[in-house]
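Here's the structure, in structure tokens; my notes come after.
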Amino acid sequence: MKIGVDLDNVVVPLYEEMIRLVKEKYGIECKKEDWKKYRMCDSFGITEEQLEQLYKEMCLDDTLLKIKPIKGAVETINKYSNDFEFYFITARYELAKKKTLEWFRNSGLIYKEENIFFDSEKAGLANKFGIKYFIDDNIDVVLNMAKYGIVCLLYNQPWNKELLEDGVMIKRVYSWKDIDENFKNILNKK
């Protein structure tokens, strides 16, 4: 069975670096719990151009390489690497590809490089590959996945609190321990 996984704020806590950089570059104090909309500029009063610049800087320096995975992500994915085929689909820019692939090589994750994709149209790609389950933190992605009949595990973040899970196509998870439990349930249904 194929499972799709988003990277940022699901496997990699990118928000921590973004918050640090916004404070460092623009003097704006912001906390994760105040991040109410998926696009950071909608929550903290920075412009789209400023956000774009921050992201480009992270892609070009070694910031992406230094970010440690979210607790439990590597262990859970590796634990099920013989049971599921994992596809990592990220909306990261092509500019981030080299650093992202280097991050994967150093992460300890069991993965196939041919199963890593850089595409903002995640739902269409997931459907094309026959992915049955997808883990993401973006409300729009989750809703689009559900339209294709892909069951979504919505990784809980302050910016996705407004979406109510239905328990069937959309299930909210709070940690990789919760994801592990969902994977066990998927295997028990096989």
Inset, instruction - Quickly run through segment 57-115 and pick out the residues that are surrounded by fewer than 19 Cβ atoms within 10 Å (Cβ to Cβ), of a type in the set (Lys, Arg) and in contact with a strand residue (DSSP E or B) (Cβ under 7 Å, 6 or more places away or on another chain). - result: Lys97
Legend entry - Yes/no for Glu33 being closer than 20 Å to Lys98 by Cα and either under 18 Å from the mean Cα position of the chain (by Cα) or not basic (Lys, Arg) (or both): no
Inset, instruction - Check whether at least one residue in segment 145-155 is assigned by TED's automatic domain parsing to the domain that holds Lys171, closer than 26 Å to Asn188 by Cβ and part of a helix (DSSP H, G or I), and report yes or no. - result: yes
Inset, instruction - Quick one: which helices (runs of 4 or more DSSP H) lie wholly within segment 13-108 and hold at least 2 residues that are among the aliphatic types (A, V, I, L, M)? - result: 14-26, 48-60, 63-66, 73-79
Inset, instruction - Would you please name the residue that is surrounded by the most Cβ atoms within 10 Å (Cβ to Cβ), looking only at residues in segment 124-136 that are among the charged types (D, E, K, R) and in contact (Cβ under 8 Å) with a residue 40 or more places away in the chain? - result: Asp136
Inset, instruction - Residue by residue through segment 137-155, note down the ones that are surrounded by fewer than 16 Cβ atoms within 10 Å (Cβ to Cβ) and in contact with a Phe, Trp or Tyr (Cβ under 8 Å, 6 or more places away or on another chain). - result: Asp140
Inset, instruction - Test Lys161 against the criterion of being surrounded by fewer than 17 Cβ atoms within 10 Å (Cβ to Cβ) and of a type in the set (D, E, K, R), and give yes or no. - result: yes
Legend entry - Those residues of segment 147-188 which are at negative phi and among the small types (Gly, Ala, Ser), in sequence order: Ser175
Legend entry - Selection count, segment 102-145, where residues are within 20 Å of Asp180 (Cα to Cα), among the β-branched types (Val, Ile, Thr) and under 14 Å from the mean Cα position of the chain (by Cα): 2
Legend entry - Output for segment 113-123, where each listed residue is free of Cβ contacts under 8 Å to residues at least 24 places away in the same chain and out of contact with any helix residue (DSSP H, G or I) (no Cβ under 8 Å at 6 or more places or on another chain): Glu114, Glu121
Inset, instruction - Scan segment 19-38 and give yes if some residue there is of a type in the set (Val, Ile, Thr), farther than 26 Å from Ser81 by Cα, without any contact (Cβ under 8 Å) to a residue 12 or more places away in the chain and not assigned by TED's automatic domain parsing to the domain that holds Ile77, otherwise no. - result: no
Inset, instruction - Go through (1) touching an Asp or Glu at 6+ places or on another chain (Cβ under 8 Å); (2) surrounded by fewer than 19 Cβ atoms within 10 Å (Cβ to Cβ) one by one and return the number of the condition Leu51 breaks. - result: (1)
Inset, instruction - Determine whether Ile179 is in contact with a Ser or Thr (Cβ under 8 Å, 6 or more places away or on another chain) and not in a loop (DSSP other than H, G, I, E, B). - result: yes
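The values are calculated or read from the model by the stated rules, or taken from the named source; none is laboratory data. All values reported here derive from a predicted model rather than from experimental measurement. Glycine also receives a Cβ, built like all others from the backbone with ideal geometry; neighbour counts cover every protein chain displayed.
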